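Note sheet for the following structure.
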Amino acid sequence: MGHPQSAGRFLRDEVRARRHDQSLWWVRQQRDAAARRVPDWEALRERAEAIKAHTASRLGDYLEEFERHATARGARVHWARDGEEHNRIVHGLLAERGARRLVKSKSMLTEECGLNPYLEARGIEVTDTDLGERIVQLDGRHPSHIVMPAIHMTREAIGELFHRTIGTEPGLTDPKALTEAARQHLRQKLLAAEAGLTGVNFAIAETGGLVVVTNEGNADMGTALPPLHIAAMGIEKVIPRFEDLGVFLRLLARSATGQALSTYTSHFHGPRPGGELHIVIVDAGRTGLLGADGFRRALQCIRCGACLNTCPVYRRSGGHSYTWVVPGPIGSVLAPSRDVVAHQTLPFASSLCGSCSDVCPVRIDLHDLLLRWRQEIVSRRVVPFGRRAAMRVASLVLRSTSLYERVGRLVRWGMRVLPRRWVAACSLGWARQREWPVPPRESFRELYRRTNGRP
Amino acid sequence: MGAREDILSAVRAAGVPACEHPGAAGLGVECDDLAARFAEMLSAAGGVCVRVPDLATADRALREAPAYRQARCVASLVPGVGVGTIDPARVGDPHDLAGLDLCVVPAELGVAENGAVWIDGRRLPHRALIVICEHLAVVVEAPTLVADLHQAYARLEPGGGFGLFLAGPSKTADIEQSLVIGAQGARSCLVLLVG
């Protein structure tokens, strides 16, 4: 099912759809307020963009430098070409140590790789420890937002889910009480874990260190208790220098939630005493994107989610309407590079208003990239025949003055005399929630000719 | 070829045009009253900042805090501030720290623009202390305050072991964007700003 059909389903629950839209718009406003308090905001964005562009130009060197320094600090570095290889490495690490209970903090990469089902099929209990991720995990779904995974659910639905899965009393809807119940539930899981897995926000080539950001403290809990810490990162997470963190961290939380900084910004350099740190560096299609001149900039993304929060289409259609694990504008740019046929509807799930590009902390020109994908999709003939034929006809009509005039007259006449239902049916859904305007008697050209002679 | 070589050669074959690293100079904010700004931003992050002239007063301020008065199991890593009922350095397994009501930790510096403090993991017997305690008290010297993160990173040793910026107590807004303090980590964060 493509984005339009899934979005239509999401919108059937009007109350939820409205709350979804309002919640995200509120986050967008928080972001605006936070950004306005930073006088050098635009300079920061430009700097972040330039650092990412530089890093991409020497990514091979920085990855090697990162590996060298991380290894010197006692971490083990693994490389995975794709999700399958990544999953195999993680499972191998757990199996070698006989670990059966894994706690995870937020990692969109492991969602992308399908790690949870892979491990569960091999007898390992996986617990997502971010509250939002735990909610969607208990619900048997995927995050619908990269920063707020359960934003698509109402508090009532979460209360019902907790009642069913972790035994809270029925009818609990207070976010505070629900969070407290999850805290107790997750603390048991964290204390019983034999291994902890985290994503990576930044990997520092200069020091071999990793930075992991959370608000809940779940990454710190999950890595400070069990002896084994596995960190999974895409190749694009590496940054050159320790001091570069100042630039990215000043942008990240403000863009994501409007906080000046997330609560826990943890810097891991090597394993903790007596423990192990394994870092899995994953390609999974990223080198392909790096080689694509037009789309390379999408790899600059620091996963703040600002483009989702601001996108009028995302806010009104929900993350599950997208056919890829990363939804919203950035996901719609990334997904077609993996499979253009499967994700062909995503670049069209945008009004091209450009708001995503305006808020992006690393200045990815998202709406331009979406337009570029549309051109690719049309030129590769992925678009269904009906739409291609319609475009061909439109192109023919718009190129010829006389044809355009004649068709215009025909349409104006048709709209006046044909039954309204027929007209609506011809409009490809446009008139589903709108009234057609009353067509004018004559076109501007005819009016001009009548009053001024020939143009 | 192995995965490492495959990936690195694909990265190098991508032909990304070269461009320079722009450096970190010329960014940052100015701030006249670092302590006031720090306290304001910490409060926005859900924490509480109390200014005290010296460690003895810090100790008194801590003893007045409800989190301390109600605490039965306390660990203090700052001599003279609070009285520890356990010595975390003598705890072998961090799991045994579960049930810790309050932990007092030292911070190396504070950042005015976001209310965060830098905690150096090398001064903690266990990393878990930061998150496993129900309540957290942080002692930081006022002269260590800096205006922004650029200044903070310039003062930190690049790659000096484990460390973290901590901005207020643990929190989440994962249920309908409604902010709840006390998700997985500490339920409150009191920062004692000394001097």
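Here are some notes:
- Rough spin-label spacing in nm, given labels placed 7 Å along Cα→Cβ, for A:Arg388 and A:Arg97: 5.2
- Percent accessible area from carbon and sulfur atoms, chain B, protein chains only, probe 1.4 Å: 52
- Three-way shape call for chain B based on the alpha-carbon gyration tensor, with the a/c threshold at 1.5: prolate
- Of the residues A:Met415, A:Met233, A:Met1, ranked by 1.4 Å probe accessible area with the largest first, the sequence reads A:Met1, A:Met415, A:Met233.
- Between A:Arg88 and A:Arg9, the distance separating the two model label sites (each 7 Å from Cα on the Cα→Cβ line) works out to 3.3 nm.
- Ranked by how many other beta carbons lie within 10 Å on average, peptides A:50-61, A:2-13, A:193-204, A:147-158 from highest: A:193-204, A:147-158, A:50-61, A:2-13
- Gap separating the Cα centres of region A:336-366 and region B:1-16, nearest whole Å: 27
- Per residue solvent-accessible surface (Å²) - region A:386-451, probe of 1.4 Å: 88
- Antiparallel DSSP beta bridges within region B:27-194, percent to nearest 5: 30
- Reducing region A:303-324 and region B:124-145 to their Cα centroids gives an inter-centroid distance of 37 Å.
- Surface accessible to a 1.4 Å probe, per residue, for the residues of region B:9-70, Å²: 59
- Spatially proximal lysines relative to A:Lys176 (Cα-Cα < 24 Å; intrachain offsets below 8 disregarded): A:Lys104, A:Lys106, A:Lys189, B:Lys171
- Accessible area buried, both sides summed, chains B and A with 1.4 Å probe, Å²: 6900
- Helical contribution to [θ] at 222 nm, DSSP H n ≥ 4, -39,500 (n - 2.57), averaged over chain B, rounded to 500: -6500 deg cm²/dmol
- Using C-alpha pairs under 8 Å with a sequence gap of at least 6, the mean separation divided by the residue count of region A:57-284 gives a relative contact order of 29 percent.
- Portion, in percent, of the accessible area of region A:174-266 that falls on carbon or sulfur, probe 1.4 Å: 49
- Solvent exposure ordering (accessible area, 1.4 Å, most first) of B:Tyr153, A:Tyr118: A:Tyr118, B:Tyr153
- Nearest-10 value in Å² for the accessible area of A:Tyr322, using the 1.4 Å probe: 10
- Between A:Arg399 and B:Leu179, the modelled label-to-label distance comes to 5.8 nm, taking each label 7 Å out from Cα in the direction of the beta carbon.
- Under the criterion of Cα pairs below 8 Å and six or more residues apart, the relative contact order for region B:27-194 equals 29 percent.
- Other residues with beta-carbon under 14 Å from the beta-carbon of A:Cys301 carry, at +1 per Lys or Arg and -1 per Asp or Glu, a net charge of +4.
- Placing unit charges on the Cβ atoms of the charged side chains and taking the dipole of region A:386-451 about its Cα centre, the candidate lying farthest along the positive direction among A:Val417, A:Ala390, A:Ser402 is A:Ala390.
- Part-to-part distance (alpha-carbon centres) for region A:44-109 and region A:169-247, which is given in Å: 15
- 1.4 Å probe, heavy atoms, protein only - residues of region B:155-182 losing at least 50 Å² accessible area vs chain alone: B:Pro158, B:Gly159, B:Phe162, B:Phe165, B:Lys171, B:Asp174, B:Ile175, B:Glu176, B:Gln177, B:Val180
- Within-11-Å neighbourhood charge of A:Ala95 [Cβ basis; K, R +1; D, E -1]: +3
The values are calculated or read from the model by the stated rules, or taken from the named source; none is laboratory data. None of the values given here were measured: they were computed from a predicted structure. When we count neighbours, we look across all protein chains shown, and the Cβ atoms used for this are built from the backbone with ideal geometry, even at glycine. For the accessible areas, the whole protein counts, side chains as well, though only heavy atoms, and no ligand, DNA or RNA atoms are used. Shrake-Rupley method; radii C 1.70, N 1.55, O 1.52, S 1.80 Å.
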